[in-house]
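Worksheet: the structure to be examined is printed underneath.
Since every read-out is calculated from the coordinates, none of them should be taken as a lab result. Bear in mind that the values here come from a model prediction, so they are computed numbers and not experimental data. Neighbour counts run over all protein chains shown; Cβ positions are idealised from the backbone, glycine included.
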Amino acid sequence: MERRDFIRNSVLISGGILVAPSLVAQGKCDNLKNRLTILHTNDTHSNIDPFPENHYKYPGKGGVSRRFELIQQVRAEEENVLLLDAGDIFQGTPYFNKFGGVLEMKLMTALGYDAATMGNHDFDGGMDGFVNAQQSANFPFLCSNYDFNNTPIDGYTQDYTIIQKGNVKVGIFGVGIELKGLVSGRKFGETVYLDPIEIANAKALELKDRGCDLVICLSHLGYAYEKDKVSDRILAQQTKNIHLIIGGHTHTFLDRPTEEKNLDGQAVLINQVGWAGINVGRIDFNFEQKRFAKNEVLIVD
């Protein structure tokens, strides 16, 4: 389907309550098999429990159990739902020190994640530690610009995945940040970092050629930087065939997605929802043969 054939909208939700007081308009979709809802997280950093009620900034926010309730509510309301994560699942609470990431993988499996990418902190247990934790995940880790040949991780990630949801064929791939300088060399070993822009262009084209209606990049590059360091915004500007970038690393709280123009002058959405599982991002895509003549505002409580 052509990019012009779908309507892109987003809301931000947390713990079952609306964070933003106003929502964007969403088009009606008569055929639910043409509608896709994407839920996403990033930088959850082993935050299993909610923040304490007396927390100075996020009192009572977050927590895996509340996230589960929210996800299940959306799944009960929508026929086609994808749940994705943009990395840095590990490190940040004693749960990681105690269980080495296994608990996080088991909980994400219970929540029904469809795919994730690796962040720099997902190497904190070393490559063997990641592989051990990954055994408890029943979803793929997508890492297309890390060459894991000659490392213990080789064979435990994949470049991309293709998922059919209703009438919509979705291609998802992942890109990660340069590990040198962020991660101890002994923890990523002979992992080779490949240019994320070059790789993203190649993978997005491959997914387009394989008939994907929607191409999503799970990115742990970071939203934006003051210098010319590659980021999600630069990635969007210097690539083609990507419709949505779900980002992480910079812990950026966005009220709604940023829109950039790609090399063809077409819109690319970028979204990121902070850190610690405080927020869950939601983006609804309605695929139709014609543009919607009417939009309406939907309130999610």
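Taking the Cα centre of the range 31-114 as origin and assigning +1 to Lys and Arg Cβ atoms and -1 to Asp and Glu Cβ atoms, the resulting dipole is close to 60 debye. Which of the three applies to the chain, rounded, prolate or oblate, going by the alpha-carbon gyration tensor with a ≥ b ≥ c and a/c under 1.5 meaning rounded? Oblate, since a/c reaches 1.5 and b/c is not below a/b. Over the chain, dividing the summed -39,500 (n - 2.57) contributions of all DSSP H runs of at least 4 residues by the number of residues returns a 222 nm mean residue ellipticity of -6000 deg cm²/dmol.
A Gaussian network model of the chain, with springs between Cα atoms under 10 Å, assigns the largest mean-square fluctuation among Y56, Y113, Y160 to Y56.
Using only the Cα atoms of the range 177-256, build the gyration tensor, take square roots of its eigenvalues as a ≥ b ≥ c, and label the shape rounded, prolate or oblate: rounded if a/c is under 1.5, else prolate if a/b is larger than b/c, else oblate. Because a/c hits 1.5 or more and a/b fails to exceed b/c, the range 177-256 counts as oblate. Measuring how big the range 94-146 is from its alpha-carbon positions, Rg and Dmax come out at 10.6, 30 Å. If the cut-off is 18 Å between C-alpha atoms, which lysines fall inside it for K229, apart from same-chain ones fewer than 8 positions away? Output for K229: K180.
Note: relative contact order over the chain, using C-alpha pairs below 8 Å and six or more positions apart, is 27 percent. The calculated FRET efficiency for the pair E198 and K227, based on their C-beta separation and a Förster distance of 22 Å, comes to about 0.65. Roughly speaking, what is the centre-to-centre gap between the range 239-291 and the range 42-99 when only Cα atoms are used, to the nearest Å? For the range 239-291 versus the range 42-99, the Cα centre distance is 20 Å. Residues considered: G87, G185, G174. Largest GNM mean-square fluctuation over the chain, using C-alpha springs under 10 Å, is found at G185.
Grab the beta carbon distance between E79 and Q158, set R0 = 22 Å, and tell me the FRET efficiency rounded to 0.05.
Here the calculated transfer efficiency is 0.25.
Placing pseudo-labels 7 Å out from each Cα toward the beta carbon at L32 and K180 gives an inter-label distance of 5.2 nm. By the count of neighbouring beta-carbon atoms within 10 Å, fewest first, M105, M118, M127 end up ordered M127, M105, M118.
Candidates N138, L103, V215 compared by Cα position along the dipole of the range 3-297: farthest toward the positive end lies V215, with charges placed on Cβ. Across the range 174-186, rounded Karplus estimates of 3J(HN,Hα) from the backbone phi angles (6.51 cos²θ - 1.76 cosθ + 1.60, θ = phi - 60°) give x, 9, x, 7, 4, 7, 4, x, 9, 10, 4, x, 5 Hz, Gly and Pro being marked x.
Restricting to the chain, what percent of DSSP beta bridges are antiparallel, rounded to 5?
Roughly 60 percent of the beta bridges in the chain run antiparallel, per DSSP.
If you run the Gaussian network model on the chain, springs between alpha carbon atoms under 10 Å, then out of K208, K33, K98 the most flexible one is K98.
Think of each Lys and Arg Cβ as +1 and each Asp and Glu Cβ as -1; about the Cα centre, that makes the dipole of the chain roughly 520 debye.
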